[in-house]
Structure formats: C-alpha cells, structure tokens
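Scroll down for the structure; my scribbles are underneath it.
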Amino acid sequence: MGRFVKVARRSELPENDGTYVEVEGNRIALFNLDGEIYAIDNTCTHVGGPLSLGLVKDDEVECPWHGSRFDIKTGEVRMFPAKEDVATYRVRVMGDDVEVEV
C-alpha cells in the first residue's frame, strides 16, 4: 500500500478538464469531473501522448495525438488505436488539498 501525497489544490483544478502533475517519478493526469477528482497515468498506452492535454467529454479523455479514448474513472480503453488500459491512482480530498496515493 502506498502513501498519499498532496499534488494540487481542488480550487485550482478546472472542471471537466485535465491537469498534469508529476509525483515521485509518476506522470499523472488529474481530472475534475463535475467536482469529483480522478487520477490516471498521463501517458497514452498507444504512443505516449499526454492525456492531460486531451479533450474531456463526459467521463472520457481523448488522446490529443491519435484519438484513443480512455475512461477517466477506470482507466479502461474505450477507443482504439490504444489496446491497453492506463493505470489509475486512488485520490482523496482533504479540504482543498488533493492527494494521490503513490
């Protein structure tokens, strides 16, 4: 079991958009979906595109490089060309502090 590390302030995370953070060598994309915060690997499993820069629609993010789509809540691939899911991270919010388990 990992430990939780503060990575952002909830008030600074734009709604329905992605934000990039790096924590102890982990490249993480944070998403604020209607007030709920989720964290997945920032790197698309197809060719490594930055998911934090992708278009967010509903609960999916589209890789800006080749259009693969991933479920922000589960990391599951929803659209090719990616074939592998991305890892997810446990998130907890303490007041305005957003923490991710690494």
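Values in this text are rule-based calculations from the coordinates and carry no lab data. Since the model is a prediction, treat every value here as computed from it, not as a measurement. Don't worry about glycine lacking a Cβ; one is built from the backbone with ideal geometry, like all the others, and counts go over all protein chains shown.
Please go through (1) more than 14 Å from residue 39 (Cβ to Cβ); (2) not in a loop (DSSP other than H, G, I, E, B) for residue 52 and return the number of the only condition it doesn't satisfy.
The one condition residue 52 does not meet is (1).
Take the range 15-46 and flag every residue that is hydroxyl-bearing (Ser, Thr, Tyr) and in a strand (DSSP E or B).
Hits for the range 15-46 are 19, 20, 38, 43.
So how many residues does the range 62-102 have that are within 21 Å of residue 9 (Cβ to Cβ) and either touching a helix residue (DSSP H, G or I) at 6+ places or on another chain (Cβ under 7 Å) or assigned to a loop (DSSP other than H, G, I, E, B) (or both)?
Total meeting the criteria: 7.
Take residue 7 and decide whether it is of a type in the set (A, V, I, L, M, F, W, C), in a loop (DSSP other than H, G, I, E, B), within 13 Å of the chain's Cα centre (by Cα) and surrounded by 15 or more Cβ atoms within 10 Å (Cβ to Cβ).
No.
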